[in-house]
Amino acid sequence: MGQASSTAGFLCVPARRHSSNRRMRIQSTAMILSPPSNDQKPYQEDEEEDHVGGGFLISDLPDECLACVFQFLGSGDRKRSSLVCRRWRLVEAQSRLRLSLDARAELLHSIHALFSRFDSVSKLALKCDRRSASIGDDGILLISLRCRNLTRLKLRSCRQITDAGVAAFAANAKSLKKLSCGSCAFGATGLNAVLDGCSALEELSVKRLKGLADGSASQPIGPGNAAASLRSICLKELYNGQCFGPLLVGSKNLKTLKLIHCAGDWDKLLKAVSDHVERLTEIHLEKLQVTDRGLSAISNCSNLEILHLVKTTYCTDVGLSSIAERCKFLRKLHIDGWKTNQIGDEGLSAVANRCPNLQELVLIALNPTILSLGLIASNCKNLERLALCASETIGDAEISCIAAKCSALKKLCIKGCPVSDHGMEALATGCPNLVKVKVRKCRGVTCEGMDWLRATRSMVTVNLDADTIEQQDASASDGGAAQEDQFGLGVEQTAGVDIPSSSSGQSAFYRARRRIFAGKNFMFCTLRRLSHSSNGNRGNS
């Protein structure tokens, strides 16, 4: 490790060079970089000086501290660090807990060598390209034999793994706590083997499991030995998701349930779950066929704290009112109405009157008025995070009401609402605990208004969407707008395009063109003024 000390010596050389002679600088550098002679040990004097002077070499760092340093590095930096020396390679391999592998069929020949080196891996991700053949039953079995400390497994597009391979894996992975599988080919038989063999399983996530679409779709899944330990279940994009009914009903200690874009009528199953599972605290329902009957069943979960209703078109104010009436501990509520106007002031007023512990509220594509928003601002004293998006009724009056009554509010997000600078002015004096304000796609809000709010409340982070700023900058110059109109890129045309805030793609090209045109107009005006002034001087002379 003497090279580390030689590098330190190299960095000290410029401090001893006070001469401006370039030749001297090149000679001194060449002396340091030149190889040592045969009778001289490389970098020996530097090492002795460092030890005598009380210096510290990185080779003296214990393996435990070096492993902690590796934990803060990214994947690429860890790979490069493992090439420094044999010791670093060994410490990096033994301290690596997570591993993500390309699960193509060629991986089978490298499994033994990989897990001989990374023998402490507890979190493994196997991802395969959809157009390639993945590892099969032999590969997943070999992984279960070589990776004894595995607690988390993620499978993506591993279509060559069958029910038999999953069953063999489950027989060896007794410590598995989390399983996430998506776009795989195995079905109910493999999942039942996991639920029976992995009794310590706590989290199960299933997405687009193609094996459930065949004749085994009618086979029920669960509950199995893992039902007592399961804490979280996520079902996403399944045609036969209701075959998980026995597992959902039998998981007595279930706390989190996420049902996303699964076909079928879920009201009856939600009623059965709410009758048998009493510890549910978090429920996500997204793009699901559920009505007010299902929400009324969910309201029996008195410990519910987090509820997401995303694009559930059959849910109305009646169902939301039943949730608010019985779920007194509700802390987070996300509602995406999908512009169906099924949920409005009535349901939100019930939440305001009966859920005083609300801390986070997200309303998307709803049209509440100052009536319900005023009640929420007055009654929910702990409300810290509020997001109002794609609403046609939330304007300056509603924002002023929120600013006057939400004393605990810390983060506010407004997107696609008819709000202007007057609403932003109300935030200058209200919400004393405000930390961050984010405004997107609100055409009435200008850069000047946001700058004034930023100057008035210097401790608040104020973010205005980049595309709004660019549109206003473009419209500020008549010459620039005229040039853009010649190419069919006027401000009215650009305003209807959803340009991402990050500078990439066509928006970067448009901005570059806009700057060029603005520069040309500036030069043209400057030259014209100079020509006028020169003609005036000639006339005076």
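The values are calculated or read from the model by the stated rules, or taken from the named source; none is laboratory data. The structure displayed is predicted, hence computed values, not measured ones. Counting neighbours? That spans all protein chains shown, and the Cβs are built from the backbone with ideal geometry, glycine included. Just the protein is used for accessible areas: all its heavy atoms, side chains included, with ligands, DNA and RNA removed. Shrake-Rupley method; radii C 1.70, N 1.55, O 1.52, S 1.80 Å.
Just need a number here: residues in region 331-378 that are assigned to a helix (DSSP H, G or I), open to solvent by less than 60 Å² (accessible area, probe 1.4 Å) and out of contact with any Leu (no Cβ under 8 Å at 6 or more places or on another chain). Give the steps one after another, and end with the answer.
Taking region 331-378 first, the residues assigned to a helix (DSSP H, G or I) are 345-354, 370-378.
Narrowing further to those that are open to solvent by less than 60 Å² (accessible area, probe 1.4 Å): 345, 347-352, 372-378.
Still in the list and also out of contact with any Leu (no Cβ under 8 Å at 6 or more places or on another chain): 374, 378.
Total satisfying the criteria: 2.
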*Taking only region 229-243 into account, find how many residues are farther than 21 Å from ASN300 by Cα and either among the hydrophobic types (A, V, I, L, M, F, W, C) or surrounded by fewer than 17 Cβ atoms within 10 Å (Cβ to Cβ) (or both).*
6
*The listed residue being not in a helix (DSSP H, G or I) and not polar (S, T, N, Q), out of LEU295, LEU304*: LEU304
*Sole exception among (1) over 20 Å from ILE343 (Cα atoms); (2) in contact with a Cys (Cβ under 9 Å, 6 or more places away or on another chain) for THR456, by number*: (2)
*Of the numbered conditions (1) touching a Cys at 6+ places or on another chain (Cβ under 7 Å); (2) surrounded by fewer than 18 Cβ atoms within 10 Å (Cβ to Cβ); (3) in a loop (DSSP other than H, G, I, E, B), LYS381 satisfies every one except a single condition; which is it?*
(1)
*Going by the conditions given, is LEU212 open to solvent by less than 20 Å² (accessible area, probe 1.4 Å), modelled with pLDDT under 95 and not β-branched (Val, Ile, Thr)?*
yes
*Check on SER122, of a type in the set (Ser, Thr, Tyr) and either within 20 Å of ASP63 (Cα to Cα) or touching a residue at least 12 places away in the same chain (Cβ under 8 Å) (or both)*: yes
*Does region 250-273 contain at least one residue that is among the basic types (Lys, Arg), in contact with a strand residue (DSSP E or B) (Cβ under 6 Å, 6 or more places away or on another chain) and either touching a residue at least 60 places away in the same chain (Cβ under 8 Å) or not in a strand (DSSP E or B) (or both)?*
no
*List the pairs whose first member sits in region 382-407 and is farther than 14 Å from ARG440 by Cα, whose second member is acidic (Asp, Glu) and surrounded by fewer than 23 Cβ atoms within 10 Å (Cβ to Cβ), and whose Cβ atoms are under 7 Å apart, counting only residues at least 6 apart or on separate chains?*
GLU384/GLU360; ARG385/GLU360
*Would you check if GLY182 is touching a helix residue (DSSP H, G or I) at 6+ places or on another chain (Cβ under 8 Å) and under 25 Å from VAL273 (Cβ atoms)?*
no
*Is it true that some residue in region 290-302 is under 28 Å from the mean Cα position of the chain (by Cα), open to solvent by 30 Å² or more (accessible area, probe 1.4 Å) and modelled with pLDDT under 95?*
no
_Counted residues, region 317-330 - those being open to solvent by 90 Å² or more (accessible area, probe 1.4 Å) and out of contact with any Lys or Arg (no Cβ under 8 Å at 6 or more places or on another chain)_ = 3
_Just the residues that are of a type in the set (D, E, K, R) and either without any contact (Cβ under 8 Å) to a residue 12 or more places away in the chain or outside any strand (DSSP E or B) (or both), please, taken from region 439-459._
LYS441, ARG443, GLU448, ASP451, ARG454, ARG457
